[in-house]
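Undergrad: I'd like to ask some things about the structure below.
The values are calculated or read from the model by the stated rules, or taken from the named source; none is laboratory data. All figures in this text were calculated on a predicted structure; none of them were measured in a lab. Positions of Cβ are generated from backbone atoms using ideal geometry, with glycine treated the same way; all protein chains shown enter the neighbour counts.
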Amino acid sequence: MTTRPYHLPSTSETDELLVMRNSGAAQRALDYYLKEDVSTPITDASFFDIKPGVSHEDALVHASDLLRSAAAAAYESASSRQGTQRDLAFSVVYLIDLAKAMVEQTLQVPVGQANT
């Protein structure tokens, strides 16, 4: 005869310990007190970083180019769809075109302010 192990229901204290075990703060505290070489802190860095010192104009020009590429991909996707899927894809094209127009409007320098 085999007996099944008795499993206690999960308690909030157990859940709290599991959450703390995976937290960055707990890991840093353990590193500080238990390890000789402290691990590097985990940062919330974005997947893509913008090179420091990029001018606003260069960033906007690049954003405009990215939006043009996104619009082309969305348009190509829309042209191969039918029905509501086609409508949704073309709505993405429309939204991208609006964003691109806003970026390009920002790049326009009013006459008389070019040398200021």
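Undergrad: Val61 is checked against (1) closer than 29 Å to Gln108 by Cα; (2) modelled with pLDDT under 65 and fails just one. What number does that condition carry?
TA: Every condition holds for Val61 apart from (2).
Undergrad: Would you check which residues across region 43-68 are surrounded by 11 or more Cβ atoms within 10 Å (Cβ to Cβ) and either small (Gly, Ala, Ser) or under 30 Å from Ala25 (Cβ atoms) (or both) and list them?
TA: Selection gives Ala59, Ala63, Ser64.
Undergrad: Still on this structure: Output yes when any residue across region 84-102 is modelled with pLDDT of 80 or more, hydroxyl-bearing (Ser, Thr, Tyr) and more than 23 Å from the chain's Cα centre (by Cα), and no when none is.
TA: Yes, region 84-102 has at least one match.
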